[in-house]
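Read the structure below first, then the notes.
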Amino acid sequence: MRKIAAVINARLQSTRVPKKVVRPFGDTTLLDIALKKLININVDEKYLAACEDEILNIYEPYKQDIDLLPRKPESVKKGENPHMVSFGHYALTQSRWIMIINPCLPLTKINMYDEAICMFKNNESIKTATSAIRDNNIYFDSDFQPINLKDKDFISSRNTRPVYKMANAYHIIDRDYFLSTGKFWNYLDNDPLFIEVDPFDCFDVDTEEEFNFCEKIYTTLY
């Protein structure tokens with residue numbers, strides 16, 4: 001059976017919401033929430049990938065249960081960096097398969113990760129996987145032409161081919177393929193497999209408005 005390492009990548013230089021993983025979020029932080037979940041996810045290895053002191057200070061109470069993957073300073077620079085710069089530390093995992101967990105989704109549930117891990121481990125035809133949200137709405141391209149209507153003259157959501165939005169909750173990748181190509185997958189059969197997840201669980205904090213919105217929901221629920 002395939003072994004999986006789970007990795008949370010954390011940095012301070014997020015562009016739209018600076019330092020969002022370490023900012024107060026209710027009575028906790030996004031990073032604390034993610035690390036507490038990681039402790040309880042059923043994987044073979046558990047890692048935080050980081051190098052900045054504010055993140056490492058939050059990590060300190062969790063180091064008995066979660067190992068550290070040291071990141072290079074250039075991997076946490078502001079903006080979008082090449083994958084091999086941002087994620088070269090994947091070479092340090094023992095397991096070939098890596099579940100990348102986004103720490104900026106505070107409402108996800110542990111069973112969502114465990115179900116994906118179980119599915120992946122028990123079906124070797126799945127080469128890689130990612131969380132996805134199915135949508136039957138009607139979508140248009142930049143020329144305002146419908147892209148998923150079966151009959152473009154019949155306007156109804158019942159006449160659509162479903163589209164999938166990447167939920168960004170997790171990806172499961174082949175470390176060796178990534179290190180040799182710099183790519184997560186090649187978009188062939190089951191590479192990646194889209195695993196449908198609950199949209200409510202996958203509110204992703206990318207803006208100040210989303211940070212405040214998710215904080216209110218989180219503090220209400222928990």
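The values are calculated or read from the model by the stated rules, or taken from the named source; none is laboratory data. Given the structure is predicted, the values throughout are model-derived calculations rather than measurements. Backbone-built Cβ (ideal geometry, glycine too); neighbour counts: all protein chains shown.
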Answer yes or no as to whether Tyr47 is hydroxyl-bearing (Ser, Thr, Tyr) and within 27 Å of Lys121 (Cα to Cα). yes
Filter result (among the aliphatic types (A, V, I, L, M), assigned to a loop (DSSP other than H, G, I, E, B) and in contact with a strand residue (DSSP E or B) (Cβ under 8 Å, 6 or more places away or on another chain)) within region 1-30: Ala10
In region 135-147, how many are in contact with a Phe, Trp or Tyr (Cβ under 8 Å, 6 or more places away or on another chain) and either modelled with pLDDT of 95 or more or loosely packed, with under 12 Cβ neighbours inside 10 Å (or both)? 0
Among (1) surrounded by fewer than 16 Cβ atoms within 10 Å (Cβ to Cβ); (2) in a loop (DSSP other than H, G, I, E, B), which single condition is Phe184 missing? (1)
Which one of Lys127, Lys121, Lys109, Lys150 is loosely packed, with under 12 Cβ neighbours inside 10 Å and among the basic types (Lys, Arg)? Lys150
For region 189-218, the count of residues that are in a loop (DSSP other than H, G, I, E, B) and hydroxyl-bearing (Ser, Thr, Tyr) equals 1
Just to be sure I understand, how many residues within region 36-55 are over 19 Å from Glu74 (Cβ atoms), charged (D, E, K, R), in a helix (DSSP H, G or I) and touching a residue at least 40 places away in the same chain (Cβ under 8 Å)? 1
Val17 more than 28 Å from Ile126 (Cβ to Cβ), touching a Pro at 6+ places or on another chain (Cβ under 9 Å) and β-branched (Val, Ile, Thr): no
Could you grab me the full set of residues in region 87-128 that are in a loop (DSSP other than H, G, I, E, B) and either of a type in the set (Val, Ile, Thr) or under 16 Å from the mean Cα position of the chain (by Cα) (or both)? Phe87, Thr93, Asn102, Pro103, Cys104, Leu105, Pro106, Leu107, Thr108, Lys109, Ile126, Thr128
Flag for Gly88 being on the phi > 0 side of the Ramachandran plot and not hydrophobic (A, V, I, L, M, F, W, C): no
Please verify whether Asp189 is modelled with pLDDT under 95, closer than 29 Å to Pro18 by Cβ and among the charged types (D, E, K, R), treating the condition exactly as stated. no
